[in-house]
Amino acid sequence: MSGIVGIVNFDGAPIDRDLLTRMTESMTFRGPDAQQILSAGSAGFGHTMLRSTREAETEKQPLTLDGKIWLTADARLDGRAELIAELGKRFETPPSDAELILHAYEEWKEDCVKHLLGDFAFAIWDSNLDRLFCARDHLGVRQFYYHCANNRFVFSNTLNCLRRHSHVSNKLNEVAVGDFLVFGLNQDPATTIYADIQRLPKAHTLVVSRDSIRTNKYWQPTATPVRYKAAHDYIVRFKELLTQAIEDRLHTPNISVMMSGGLDSSGIAAISRKAVAVNAYCVVYDSAFADDERHYASLVADSLQIPLEFLQGNEINQHNNGNDIGGAPEPFDVDPIYAVSAELVRRCASTARVALTGWDGDTFLDETPRHSFARSLRNGNVARLLFDMTRFVYFQHHPPPIGIRTQWRRWRSPNSSRPPYPVWLNHDFSKRLNLPERWLRLSEDGPSAHPLRPRAFRLINSPHWDALFSRYDAGTTLLPLEVRHPLIDVRLVDYLLGVPVIPWLLDKTILRKAMIDVLPEAVRTRPKSPLAGDPGMLLRHTRKFQEIDEFKPVSTICSYIDRKSIPRVTEAPDSNQLCMNVRPFCLNQWLTYSHS
């Protein structure tokens, strides 16, 4: 993931090249191959290069084709051949992704994003129009932050880079602080933990000129029905799209794969192995409780003949002291509990510049039919209801999930799914921001996001989705590693949102069928099952958690919490309480290192 930064002074003031250079150099950790700035008059761009594709071997950024329109981009494009055909241009050598974006802008201007697929965050300065055009990819894999005030616009894909600008203050966004303490993460996709730094939401463009700044949402997921006459055609098309998504994310000699013993990541490793060298890494907890991941992951690695390294999750979680929290651009609430996640990324970076994950197969490949049953019942379509329930029994060989027990639990305990509210919040802070009302409003069950695919649509629009991508970003990991997610491919997502739930999304049927003769049968037919134990609860009686209970608060945090009211995390009765009560420590650590 390359680093991008830019400054545009719409009042006509010249660019401070020394400042731009310092901001660019602050991102060399994510772009060690080349650093370059380009400025003219009141606009300047900086770029740090990470060469992670074959096409990027000779790429130079910031890029201009005519000296009037400039680009700086952190981008990896899908469907390159199709885009080149749409552009109708002939290239003597394969163009870089940055070149293709710039050609697309010249051809379609703001509509260029409608022709782009992939993971990207970029900015284009059009001196002909005195206008800056910025964009972030459909699903928010790449990051884009900005500061706008007093005719000055500053942007970067690295939050801490913006903080080096003298006009960007360290003032905290108190709503985001409150959201972190109550929910564990910011609920607003357009803001950050800093009052002076905004975030461009996924699937949005941003156009900035002297007189205006406007955003536009250019894409949103839809569930356009996919219908084939032959069942085999569903599998063939799925496998075509999955293979295309993986191959578009390779273009590199070797990769790391974050591989469990499950279907999603194992299937990605198997298809990748046909094109590049693969090193796999798997987190296991078999030193702490019954855990089959080692067995199943070993079956996959042996079948594919790829190296596989195991990380003992409980040992790493127990001995890591949580200092990584302070280096993060924003606070995260589970870092002390699941320190193995950061170690997994470090191991991947030790052998490759590109890592693939199997995230998020659960969202798009697995859906309950209860919602379609309920829809048929509400509409009085008894025939359809009986037809779908009969098909479910035929494919699954057991009675359909009607959801009576779930509805009974919700009736008996309507707030059972609501996260607990912290008892240790500072009273004045909580009252000033009206946090109890915000907690009630944002945690209540709203209307279904979609009648047939509510889970998928709810998760795509969840702040948890954005938070996960930011955790994999080099601005957080501080590693020259580009983490790519083949299942988060717009073409594949559009397809999976449209295929019939019965039978294809029942227990990942479509993926299981596609993996015949690809994965070992024991893995392909393995039932999905949760971990036998809770990694966080295993830490309650360790010295690490005793130190969390004993943390000394910095002065700033006392405006947000009542330190004496925080229950001991070593006595947490369940995982929800544990995660909630460790947040003050996480915020305290983050404030200690980020504001020292």
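The values are calculated or read from the model by the stated rules, or taken from the named source; none is laboratory data. Model, not experiment: these values are computed from the prediction. A quick note on method: Cβ atoms are made from the backbone with ideal geometry, for glycine too, and the neighbour counts reach across all protein chains shown.
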Of all helices (runs of 4 or more DSSP H) fully inside the range 243-361, the set with 1 or more residues that are of a type in the set (Val, Ile, Thr) and under 22 Å from ALA522 (Cα atoms) is 263-273, 293-304
- prompt: With respect to PRO447, is the statement that it is over 30 Å from ASN160 (Cβ atoms) and at pLDDT below 95 true?
  reply: yes
By residue number, the members of the range 74-93 that are in contact with an Asp or Glu (Cβ under 8 Å, 6 or more places away or on another chain) and closer than 24 Å to ARG30 by Cβ are ALA75, ARG76, LEU77, ASP78, ARG80
Of those in the range 538-553 that are surrounded by 15 or more Cβ atoms within 10 Å (Cβ to Cβ) and either more than 31 Å from the chain's Cα centre (by Cα) or β-branched (Val, Ile, Thr) (or both), the residue farthest from LYS431 (Cα to Cα) is THR542
Of ILE124, ILE84, the only residue that is among the hydrophobic types (A, V, I, L, M, F, W, C), surrounded by fewer than 20 Cβ atoms within 10 Å (Cβ to Cβ) and either in contact with a Gly (Cβ under 7 Å, 6 or more places away or on another chain) or at pLDDT 95 or above (or both) is ILE84
Of the residues in the range 179-234, those that are of a type in the set (D, E, K, R) and farther than 26 Å from GLY498 by Cα come to ASP179, ASP188, ASP196, ARG199, ARG210, ASP211, ARG214
* Say whether the condition of being closer than 30 Å to ARG563 by Cβ, at pLDDT 85 or above and assigned to a loop (DSSP other than H, G, I, E, B) is met by at least one residue in the range 403-421. => yes
Here the qualifying pairs (Cβ atoms under 6 Å; residues six or more apart or on different chains; first in the range 14-30 and surrounded by 15 or more Cβ atoms within 10 Å (Cβ to Cβ); second assigned to a helix (DSSP H, G or I)) come out as MET23/CYS161; SER26/CYS161; MET27/CYS161; ARG30/ALA474
inquiry  = Among the residues that make up the range 15-35, is at least one of them in the same structural domain as SER127 (by TED's automatic domain parsing), of a type in the set (S, T, N, Q), more than 17 Å from CYS161 (Cα to Cα) and more than 24 Å from the chain's Cα centre (by Cα)?
reply    = no
In the range 259-280, residues that are buried (at least 24 other Cβ atoms within 10 Å of the Cβ) and farther than 20 Å from ILE510 by Cβ total 3
Per the list (1) at pLDDT 95 or above; (2) among the aliphatic types (A, V, I, L, M); (3) out of contact with any Leu (no Cβ under 7 Å at 6 or more places or on another chain); (4) buried (at least 19 other Cβ atoms within 10 Å of the Cβ), residue check on VAL490 breaks on (3)
Condition set surrounded by 22 or more Cβ atoms within 10 Å (Cβ to Cβ) and in contact with a helix residue (DSSP H, G or I) (Cβ under 7 Å, 6 or more places away or on another chain), scope the range 160-182, selection nearest to MET27 (Cα to Cα): answer is CYS161
Reported set for the range 524-546 where residues are without any contact (Cβ under 8 Å) to a residue 40 or more places away in the chain and among the basic types (Lys, Arg) is ARG540, ARG543
Considering residues that are part of a helix (DSSP H, G or I) and either crowded, with 17+ Cβ neighbours inside 10 Å or touching a helix residue (DSSP H, G or I) at 6+ places or on another chain (Cβ under 8 Å) (or both), the number found within the range 433-457 is 10
ARG210 fails exactly one of (1) assigned by TED's automatic domain parsing to the domain that holds VAL177; (2) under 21 Å from the mean Cα position of the chain (by Cα); (3) not in a strand (DSSP E or B), namely (2)
Flagged in the range 148-196 as of a type in the set (S, T, N, Q), farther than 30 Å from SER575 by Cα and not in a loop (DSSP other than H, G, I, E, B), in numbering order, are SER156, ASN160
For the range 547-570, pairs from a residue that is at pLDDT 95 or above and small (Gly, Ala, Ser) to a residue that is surrounded by 15 or more Cβ atoms within 10 Å (Cβ to Cβ) and assigned to a loop (DSSP other than H, G, I, E, B), with Cβ under 6 Å and 6 or more apart or across chains, are SER565/TRP424
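Here is a yes/no grid of residues against (1) modelled with pLDDT of 95 or more; (2) among the hydrophobic types (A, V, I, L, M, F, W, C); (3) over 26 Å from PRO189 (Cα atoms):
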site	(1), (2), (3)
GLY327	no, no, no
ALA339	no, yes, no
ALA352	yes, yes, yes
ASP360	no, no, no
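Residues are listed down the side, and each one gets a yes or a no for (1) crowded, with 22+ Cβ neighbours inside 10 Å; (2) touching a residue at least 40 places away in the same chain (Cβ under 8 Å):
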{"position": "PRO95", "(1), (2)": "no, yes"}
{"position": "LEU102", "(1), (2)": "yes, no"}
{"position": "VAL113", "(1), (2)": "yes, yes"}
{"position": "ASP119", "(1), (2)": "yes, yes"}
{"position": "ASP130", "(1), (2)": "no, yes"}
{"position": "HIS138", "(1), (2)": "yes, yes"}
{"position": "ALA149", "(1), (2)": "no, yes"}
**Message:** Would you confirm, using the coordinates I've provided, whether ARG227 is assigned to a strand (DSSP E or B), more than 19 Å from the chain's Cα centre (by Cα), more than 29 Å from LEU308 (Cα to Cα) and charged (D, E, K, R)?
**Reply:** no
Within the range 507-555, the residues that are among the hydroxyl-bearing types (Ser, Thr, Tyr) and either farther than 30 Å from TYR228 by Cβ or assigned to a helix (DSSP H, G or I) (or both) are THR509, SER529, THR542, SER555
> Before we move on, is ILE246 crowded, with 20+ Cβ neighbours inside 10 Å, closer than 17 Å to ASP360 by Cα and out of contact with any Phe, Trp or Tyr (no Cβ under 9 Å at 6 or more places or on another chain)?
Replying inline: yes
For the range 564-583 the number of residues that are over 17 Å from PHE180 (Cβ atoms) and surrounded by 21 or more Cβ atoms within 10 Å (Cβ to Cβ) is 0
All-but-one check, ILE488 against (1) assigned to a loop (DSSP other than H, G, I, E, B); (2) more than 30 Å from SER350 (Cβ to Cβ); (3) under 16 Å from the mean Cα position of the chain (by Cα), failing number (2)
field: Verdict on ASP74 being among the acidic types (Asp, Glu), closer than 14 Å to ILE124 by Cβ and surrounded by fewer than 19 Cβ atoms within 10 Å (Cβ to Cβ)
entry: no
